[in-house]
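Trainee: Take a look at this one; I'll ask things after.
Bear in mind that the values in this text are calculations on the coordinates, not laboratory data. Because the structure is a prediction, the values reported are computed rather than measured. Reconstructed Cβ throughout: ideal geometry from the backbone, glycine too, with neighbour counts over all protein chains shown.
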């Protein structure tokens, strides 16, 4: 075993850690997703071949493989990375074949060549430096994720609140729209009432003017009738006064006539004595009084 392969054995030893069995059980409960993933894998298998797909899965699911996948573009120009990847692929291929066909032996890979110790040392140093930077970036990423986690939680809360506020705003918009329609209808009714009021007020004004004219006419007629009645009353009063005076005069003349008749009767009685006719006449004169 060469030094590069020994170094890879040490680096990839962490991949032997056992999985979280409970989490794995939870991850495969969704049978719909379980069916989708192999369907996609089958499509990928149709485009490639089984060894490539299996090695790709190992790269994507192991921590060491994920570090390899994090290499920047242009990694092929670095010889030590090419050698590391070849050794990684050979190791994973051996593990896969060992599970499928126990005891299967791999042929020697002529592509893996011996490396000069000085070149290897320099390459290992660069690899260590790269891994140190990678680990530092991983730590920074972990710290950043730890710092981001509460912020993401706050963002989720703010998002939920924003959604609730948006719903409340939508409700308020609906209510405002309804209120606006009601207000518009009320304004229409108000305009109709104003028109009716204006028409009624116009009719009232016309009626008031007509009433004033009618009242003035009635007042004039009443005043003329009062004047006429006053004239008639005055004429009646004057006629009545004349009648009273005439009655007084007639009564006075009658009284004088009665006195003259009485004097004459007395004189006659003194000469001839009382008679029946004179008594009858006296009664008739009394009835006139």
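Trainee: Based on the Cβ-Cβ distance from residue 66 to residue 163, what FRET efficiency comes out when R0 is 41 Å, to the nearest 0.05?
Mentor: 0.70
Trainee: Here's another thing I want to ask about it. Run the numbers for residue 246 and residue 188: contour at 0.36 nm per residue of separation, minus the present Cα-Cα distance, in nm.
Mentor: Length difference between fully extended and current span is 12.5 nm.
Trainee: In which sequence would 73, 140, 95 go, from the one with the fewest C-beta neighbours within 10 Å to the one with the most? Display every interim value, and only then the final one.
Mentor: Values: 73 6, 140 10, 95 13.
With the sparsest Cβ surroundings first, the list reads 73, 140, 95.
Trainee: Okay, moving on. Zone of residue 141 (label point 7 Å along Cα→Cβ, backbone N under 17 Å): which residues in the stretch 27-70?
Mentor: It comes to 59-70, nothing else.
Trainee: Moving to a separate point now. Apply 1/(1 + (r/R0)^6) to the Cβ-Cβ distance of residue 53 and residue 22, taking R0 = 30 Å, and write down the FRET efficiency to the nearest 0.05.
Mentor: Numbers: r = 27 Å, r/R0 = 0.92.
Once rounded, the FRET efficiency stands at 0.65.
Trainee: Work out Dmax and Rg for the stretch 133-259 from the C-alpha atoms and quote the Rg first, both in angstrom.
Mentor: 51.4, 172
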